[in-house]
Amino acid sequence: MLERHVLFCHGSDCKDRGAEKTMDAMCEAIDAKRLDHRVLTTRTRCLGVCAEGPVVVVYPDGVWYGDVRAKTGRKIVEQHLQHGTPLDDHVIHRVE
Ligand code: FES
């Protein structure tokens, strides 16, 4: 059953900061942990907070992450997507 939807900003600023590597690392981790049937992933256009990039958003939790490099992305997969606890250090916004 689908539990979460992860949005990867692929606007030009986030791409310049390594969004592709972030997405690759997170998708590999999602597959390795066999979360692919529970987590949907989507590339997006600019999400409007370019200075915070690379930006990754997790719904339905409404958690927006900034400065998500590959290593941080893998932590988000393990801590948030697998165990349900957001990685507070990189949260830039929460949709209530
Ligand atoms: S390019 Fe990612 S928020 Fe604008």
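Observations on the model:
- Once both labels are positioned 7 Å from their Cα atoms along Cα-to-Cβ, the gap between residue 43 and residue 31 label points is 1.6 nm.
- Value at 222 nm in deg cm²/dmol, rounded to 500, when DSSP H runs of n ≥ 4 in the chain each add -39,500 (n - 2.57): -7500 deg cm²/dmol
- 3J(HN,Hα) along segment 64-74: 9, 10, x, 6, 8, 8, 4, 4, 5, x, 5 Hz, from the Karplus curve 6.51 cos²θ - 1.76 cosθ + 1.60 with θ = phi - 60°, whole Hz, x for Gly and Pro.
- For segment 76-96 and segment 6-42, distance of Cα centres in Å: 14
- In order along segment 80-96, the Karplus-derived 3J(HN,Hα) couplings, from 6.51 cos²θ - 1.76 cosθ + 1.60 at θ = phi - 60°, round to 8, 6, 8, 10, x, 10, x, 8, 4, 4, 10, 6, 10, 6, 10, 8, 8 Hz, and Gly and Pro are given as x.
- Cut-off under 5 Å, modelled amide H: who pairs with residue 92 long-range: 64, 65, 66
- Lys, Arg +1 and Asp, Glu -1 on Cβ, resulting dipole of the chain about Cα centre, debye, nearest 20: 180
- Counting only cysteine Cβ atoms and a cutoff under 4.7 Å, the chain contains unmatched residues 27, 46, 50.
- Long-range amide H partners of residue 44 with built H, under 5 Å: 8, 9, 10
- Relative to the longest principal axis of the Cα atoms of the chain, the long axis of helix 19-32 makes an angle of roughly 0 degrees.
Bear in mind that the values in this text are calculations on the coordinates, not laboratory data. On a predicted model such as this, the values are computed, not experimentally measured, just so you know. All Cβ positions, even for glycine, are placed from backbone atoms using ideal geometry, and neighbour counts span all protein chains on display.
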